[in-house]
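No value in this document is a laboratory result; all are computed from the given coordinates. Bear in mind that the values here come from a model prediction, so they are computed numbers and not experimental data. In this analysis, Cβ positions are derived from the backbone assuming ideal geometry, glycine residues included, and neighbour counts consider all displayed protein chains.
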Amino acid sequence: MKVLVVPTWYPCGEDKLMGIYHKEYTCALNKYGIEANMLFIERSRLSKPLSYILSKKKVVDKEENYKVYRYKMLNLRPISFDLQIKAYTKKLESAFKDYLKNNPKPDILHAQVTVPAGYATCILGKKYGIPVVVTEHGGKLERFFKDEPYKKYGEFVLQNAHYSTVSNYMKKIALKYTDECSVIPNQVNTDIFKNHKTRKVDKVFELMMVCALREGKRLDIAFQAIKILIEDNLRIHLTIIGDGFLEEQYKNDAKKYGIEKNVTFLGRKNKEEIPPYLMDAHALLISSEIESFAIPGIEALASGIPVITTNCLGPTEFVDSKCGEVCRVNDPEDMARAIRTVISNYLFYDKKYMETVADRYSEEAVVRIAKKIYEKLLK
């Protein structure tokens with residue numbers, strides 16, 4: 001079976017984490033018996049036309065076990081959203097024709113995100129007689145089906161593709177607009193995170209966060225919660241892995257709340273560098289306003305540590321009282337309460353149970369789900 005993955009996002013711009021799960025998914029497909037490559041349309045800023053003119057319009061990246069075919073175009077959205085979609089769709093077909101010169105016709109087209117990749121891939125699928133799967137990753141997916149200027153494109157996707165989301169709460173939203181929707185969750189290579197270390201809380205409780213430092217992650221709420229705990233004479237330290245547009249602002253927030261000595265910013269780390277840090281942590285903290293999934297939560301459970309998360313939807317599908325604690329969004333007091341609860345119950349968390357929860361999202365398990373959908377469409 002041959003699959004061509006068409007992502008809306010790909011980590012080639014300023015944000016190196018944006019869309020990295022698409023890369024990991026394509027790698028996992030190949031690892032478990034499905035031949036897959038990736039076709040990506042990179043939209044360059046209209047404000048930097050010279051940079052676009054001087055850049056290569058086609059680049060082929062060789063990943064671990066597949067290739068990424070990247071084609072550039074100008075992002076015309078500032079002029080007109082409809083014009084941008086039309087240009088994107090035309091560019092995708094042109095790129096697909098070029099792709100076919102050196103590759104066999106795929107059996108399945110799998111687009112990531114409803115608009116623009118999902119819509120343009122549906123147009124491609126209809127024209128070339130190839131079944132299409134579209135997976136939505138964004139938590140605010142309802143706008144694609146009820147808000148302008150997205151609505152007509154989102155409705156076209158629902159009528160011409162097998163629609164899927166990365167979590168059950170998103171599936172419930174999608175089912176308000178379509179009769180069928182699957183869940184293809186984000187996958188994690190759980191094997192690289194599993195370890196035999198038994199942790200106990202001695203003097204300092206080591207919290208860890210793994211996230212892009214951007215809007216909506218609300219690290220400032222986490223800092224306020226930690227300040228509350230320190231004022232209650234709890235010894236606590238927070239290690240943060242990640243970078244992003246708001247890095248300096250969050251560093252200033254740590255100083256603002258007087259906890260800069262209790263917070264360490266490590267910057268961005270690749271996937272292989274993270275497991276040792278999780279081994280030294282007692283728990284993972286997620287402070288976001290909304291998360292469609294939250295891959296670091298699964299990585300933490302695979303490592304055998306509980307997860308403290310806001311009720312930001314995605315993580316609540318795998319975090320229960322046996323593997324962590326849920327608190328209210330944007331509520332430092334309740335987050336402090338959740339951290340206290342995890343500290344108090346720390347000896348009662350079952351490492352094996354947490355690993356079992358994580359294994360539901362292993363690469364092999366997720367590819368198995370996707371393969372069943374692909375085979376159903378081919379029949």
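Quick notes on this one:
- For the pair Lys322 and Glu148 in one chain, pulling the backbone fully straight at 0.36 nm per residue adds 58.4 nm over the alpha carbon distance.
- Per-pair calculated FRET efficiency, R0 = 30 Å: Lys127 and Ile79 via Cβ, rounded to 0.05: 0.70
- Between 0 and 90°, nearest 10: helix 119-128 axis offset from the chain longest Cα axis: 40 degrees
- For the stretch 184-316, the antiparallel share of DSSP beta bridges with both residues in that region comes to about 0%.
- Restricting attention to the stretch 219-300, the count of lysine pairs at 8 or more positions apart or across chains with alpha carbons under 25 Å apart stands at 9.
- Interchain or long-range residues, amide H under 5 Å from Glu325's placed H: Val307, Ile308, Thr309
- Spin-label model distance (nm) - Lys172 vs Thr264, 7 Å beyond Cα toward Cβ: 3.9 nm
- Bridging of Lys351 to lysines at a Cα separation below 19 Å is possible for Lys194, Lys197, Lys200, Lys322, once same-chain residues fewer than 8 apart are set aside.
- Top positive-direction residue, dipole computed over the chain with Cβ charges, set Gly138, Gln159, Met170: Gln159
- Here Lys146 is the anchor, and the aspartates and glutamates within straight C-alpha reach of less than 20 Å, apart from those fewer than 8 places off in the same chain, are Asp82, Glu136, Glu155, Asp179, Glu180.
- Basic side chains Lys and Arg get +1 at the Cβ, acidic Asp and Glu get -1 at the Cβ, and with that the dipole of the stretch 277-379 about its Cα centre reaches some 460 debye.
- Degrees, to the nearest 10: 81-100 long Cα axis against longest axis of the chain: 70 degrees
- Ranked by the mean number of other Cβ atoms within 10 Å of their residues, highest first, the peptides 359-365, 230-236, 36-42 come out as 36-42, 359-365, 230-236.
- Gain on full extension, evaluated as 0.36 nm per residue between Lys372 and Lys352 minus their Cα-Cα distance, stands at 4.4 nm.
- Global form of the stretch 256-379, assessed from the alpha-carbon gyration tensor, a/c cut-off 1.5: prolate
- Taking amide H atoms as placed 1.01 Å from N in the peptide plane, the amide H of Lys67 lies under 5 Å from those of Met38, each 5 or more residues away in sequence or on another chain.
- Diffusion constant of the stretch 146-255 at 4 °C, which comes from Stokes-Einstein with the Kirkwood Cα-pair radius and 1.567 mPa s, µm²/s: 71 µm²/s
- Among Val60, Leu100, Tyr250 - extreme Cα towards positive end, dipole of the chain, charges at beta-carbon: Leu100
- For Val263, the residues 5 or more places off, or on other chains, whose built amide H falls under 5 Å of its own are Leu238.
- Two-decimal log10 I(q)/I(0) for the stretch 80-146, as the Debye equation yields it once each C-alpha is a single scatterer, q = 0.13, 0.15 Å⁻¹: -0.38, -0.50
- Vicinal HN-Hα couplings computed from phi for the stretch 133-149 (Karplus, 6.51 cos²θ - 1.76 cosθ + 1.60; Hz; Gly/Pro x): 10, 10, 10, 9, 10, x, x, 9, 6, 4, 4, 5, 10, 9, 10, 7, x
- Between the labelled values (1) 34.3; (2) 23.5; (3) 19.0, the entry that holds mean projected area of the Cα convex hull in nm² as derived from this structure is (3).
- Summed over qualifying helices (DSSP H, 4 residues or more, each -39500 (n - 2.57)) and divided by its residue number, the chain shows a 222 nm mean residue ellipticity of -11500 deg cm²/dmol.
- With 18 Å as the limit on Cα-Cα distance, the pairs of Lys58/Lys91; Lys2/Lys372; Lys126/Lys371; Lys140/Lys376; Lys72/Lys126; Lys151/Lys176 that go past it are Lys126/Lys371; Lys140/Lys376; Lys72/Lys126.
- Rounded to 5, the percent of DSSP beta bridges in the chain classed as antiparallel: 10 percent
- Averaging the Cα positions of each part gives two centres, and for the stretch 210-279 and the stretch 188-206 these lie 18 Å apart.
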